[in-house]
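Before any comments, here is the structure.
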Amino acid sequence: MGDLNGLPSLAKVVAAHDLAAKKSLGQNFLLDLNLTEKIARQAGDLSQCDVLEVGPGPGGLTRGLLLHGARRVLAVEKDPRCLAALGEIAAVSGGRLQVVEGDALDVDVRALLTPPIKVVANLPYNVGTELLVRWLDPGPRDEDWPPFWSSLTLMFQREVAERIIAQPGGKAYGRLAILSQWRSTPRIVMSLPPEAFTPAPKVHSAVVHFDRLDEPRFPAPSKVLFRVVAMAFNQRRKMLRAALKGAAPDIEDRLIAAGIAPTQRAEQVSLEQFCALARTLAP
Ligand code: SAM
């Protein structure tokens, strides 16, 4: 058996397997192993964890995760062209890498993983936000939390990362900030320029690390919270007494009870205040 350090460079792998990047699959590859190991390190100690990687592509981050000592890596890749290259990594991984061909939006990964589980991925931009929302909101029943993962370490476009960590008072603050910060602690841990990727995308990227909170930061019924936040930000320029008119006939009283002035706009309302409002609106 060979070893991970004896594998060819990622540039050679891409050439040997003819992995010309496809835009439709959001393919912007990381070919610098120092960089991929650095990303893997942002997830902390992996030696006692199973890692879910979405979109391994030619396997740069996959190698980084294995070299960083992951107990096991489950890599879900949609592009069948990448499977042979990933097979070469699996062959020298000491049984630590399992590759599944499929769409990460469909594969039931829970059945294939043993807790504790960390998610680490250089996500395809076209499905990144959808996956994040699913991981942060596994269902309308509050018993669905805590989720199957203990942390997420994910690459996003810088602009999306800014929306995830945004605080009240700015344009970036919205549903994604509320959803992310209610049940986890997101922080930007790395910034990457376009040239870090092949091919270079138009925008800058950032890695966000989320540690899950076992209990939400403030109590609130999730279904009501997400509904009221969606209504508030769908008409973010309107005062809340107008934007939330459909939420309850006495919405002004409920806003006041939650400590929110009815003339405020969504982007001025803190997560704590949204949670208080969701509690007053709970059936
Ligand atoms: N992880 C590799 C790296 O860092 O070089 C590749 C990252 S590239 C931004 C995104 C990868 O996700 C591609 O390999 C692409 O084929 C894959 N992908 C795109 N959509 C996917 C989906 N729905 N499910 C699983 N993989 C997907």
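The values are calculated or read from the model by the stated rules, or taken from the named source; none is laboratory data. As the structure is a computational prediction, the values presented were derived from the model and not from experiment. No Cβ is skipped: glycine too gets one built from the backbone with ideal geometry, and neighbour counts run over all protein chains shown. Areas reflect the complete protein model, heavy atoms only, side chains present, ligands, DNA and RNA absent. Shrake-Rupley method; radii C 1.70, N 1.55, O 1.52, S 1.80 Å.
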### Summary
When residue 20 is run through (1) assigned to a helix (DSSP H, G or I); (2) open to solvent by 50 Å² or more (accessible area, probe 1.4 Å), the failure sits at (1)
### Among (1) assigned to a helix (DSSP H, G or I); (2) open to solvent by 40 Å² or more (accessible area, probe 1.4 Å), the one test that residue 48 misses
(1)
### Query
Pick from region 102-130 the residues that are of a type in the set (S, T, N, Q) and more than 19 Å from residue 183 (Cα to Cα): which of them is least open to solvent (accessible area, probe 1.4 Å)?
122
#### Entry: helices (runs of 4 or more DSSP H) (entirely within region 85-186) containing at least 2 residues that are away from the ligand (no atom under 16 Å from the Cβ)
158-165, 175-183
### Residue match in region 232-243 (condition: among the hydrophobic types (A, V, I, L, M, F, W, C) and either assigned by TED's automatic domain parsing to the domain that holds residue 164 or in contact (Cβ under 8 Å) with a residue 40 or more places away in the chain (or both))
yes
### Query
Restricting attention to region 131-159, which residues are open to solvent by less than 10 Å² (accessible area, probe 1.4 Å) and in contact with a helix residue (DSSP H, G or I) (Cβ under 8 Å, 6 or more places away or on another chain)?
132, 136, 149, 152, 153, 154, 155, 156
## Note on the structure
When every residue in region 12-55 that is small (Gly, Ala, Ser) and touching a strand residue (DSSP E or B) at 6+ places or on another chain (Cβ under 8 Å) is compared, the one nearest to the ligand (Cβ to nearest atom) is 55
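Yes/no per residue for (1) of a type in the set (A, V, I, L, M, F, W, C); (2) closer than 20 Å to residue 132 by Cα:
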site	(1), (2)
21	yes, no
25	yes, yes
35	yes, no
40	yes, yes
47	no, no
59	no, no
#### Entry: region 172-196, residues that are buried (at least 19 other Cβ atoms within 10 Å of the Cβ) and among the hydroxyl-bearing types (Ser, Thr, Tyr)
173, 180, 184
### Task
Return a yes/no flag: does region 165-172 have any residue that is modelled with pLDDT of 95 or more and in contact with a strand residue (DSSP E or B) (Cβ under 7 Å, 6 or more places away or on another chain).
yes
### Query
Only one of (1) touching a Pro at 6+ places or on another chain (Cβ under 9 Å); (2) under 21 Å from residue 59 (Cα atoms) fails for residue 135. Which number is that?
(2)
### Message
Please count how many residues of region 187-209 are in a strand (DSSP E or B) and in contact (Cβ under 8 Å) with a residue 60 or more places away in the chain.
### Response
7
### Query
When only residues in region 65-84 that are closer than 17 Å to residue 117 by Cα and in a helix (DSSP H, G or I) count, which is nearest to the ligand (Cβ to nearest atom)?
65
